[in-house]
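Please treat every number below as a calculation from the coordinates, not as lab data. Because the structure is a prediction, the values reported are computed rather than measured. Every residue, glycine among them, receives a Cβ derived from its backbone with ideal geometry; neighbour counts consider all protein chains shown.
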Amino acid sequence: MIAGLIVSAVLVAQAPSPAATPTPVVVDVVISAGHEGRPESCPRFPRHKCNLGAPGERQWTPVVADAATRILRAHGITVARLPADFDGTYDVGAAVFIHFDGNDTPCSTGASIGYHRESDKPAAAAWHAIYARYFPYAFMPDDFTTNLRDYYGFRQVRAADGALVIELGEVTCPRERAWLAPRLEWEGALIAYYLSQRIGKGEVPDPGPFLK
Ligand SMILES: [Zn+2]
């Protein structure tokens, strides 16, 4: 009896962590807020660089991600709303990892898009076309850094049509920061529209220009 209890305790202790679970979660879209949950999550993910983002980025990405998620869910689209570090894998129509850029030389970058697979180029071009209608500053070339091309989160999603890192502007650039600050919820609405179009579900309306 006692021996049996000890064996059970050992087995429980050796049970695989959720990270080892091979079954992917199936949802319409993944929306991850860049740097969200750090630094608290860093010890559990020692293979990730514990990057805390540009100043203020960690506060802003969840606002955008939550706005997009709320709108998508209201239109019947299933969303896995994830922080920066997460367990498991996801089988989705599309995935976006939301970021803002920062640079030691202010106003030297701008908005950008990252993706690992050449087949995600059309998804990137579609987001670029939507965002460039409104974003009045520079767009960097796709994958202009290796962090964009080889983003760690790509390993945990299998997206039918687009797994993208989207950087919404450079927060270390005062004029871009001032432009972005009142628009975070609107950015979320634009992303919701984009994702709905991309996966052909939900008919989320185009929010149009920011009006407030
Ligand atoms: Zn970032």
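Can you pull out the residues in the range 86-106 that are within 13 Å of the ligand (Cβ to nearest atom) and surrounded by fewer than 20 Cβ atoms within 10 Å (Cβ to Cβ)?
Of everything in the range 86-106, those that are within 13 Å of the ligand (Cβ to nearest atom) and surrounded by fewer than 20 Cβ atoms within 10 Å (Cβ to Cβ) turn out to be GLY102, ASN103.
Looking at the range 160-212, which of its residues are among the acidic types (Asp, Glu), assigned to a helix (DSSP H, G or I), closer than 17 Å to SER112 by Cα and out of contact with any Leu (no Cβ under 8 Å at 6 or more places or on another chain)?
GLU176
Identify all residues within the range 65-83 that are in contact (Cβ under 8 Å) with a residue 60 or more places away in the chain and in a loop (DSSP other than H, G, I, E, B); write none if there are none.
HIS75, GLY76, ILE77
Quick check on the range 184-209: of everything there that is charged (D, E, K, R) and surrounded by 19 or more Cβ atoms within 10 Å (Cβ to Cβ), which residue is farthest from ALA160 (Cα to Cα)?
It comes out as GLU187.
Answer yes or no as to whether ASP142 is surrounded by fewer than 17 Cβ atoms within 10 Å (Cβ to Cβ) and of a type in the set (Asp, Glu).
For ASP142, the condition - surrounded by fewer than 17 Cβ atoms within 10 Å (Cβ to Cβ) and of a type in the set (Asp, Glu) - is not met.
Need pairs with beta-carbon distance below 7 Å; first residue buried (at least 21 other Cβ atoms within 10 Å of the Cβ) and within the range 158-177, second hydroxyl-bearing (Ser, Thr, Tyr) and outside any strand (DSSP E or B); sequence gap 6+ or separate chains.
ALA163/TYR115; LEU164/TYR115; VAL165/TYR151; GLY169/TYR137; GLU170/THR109; GLU176/TYR137
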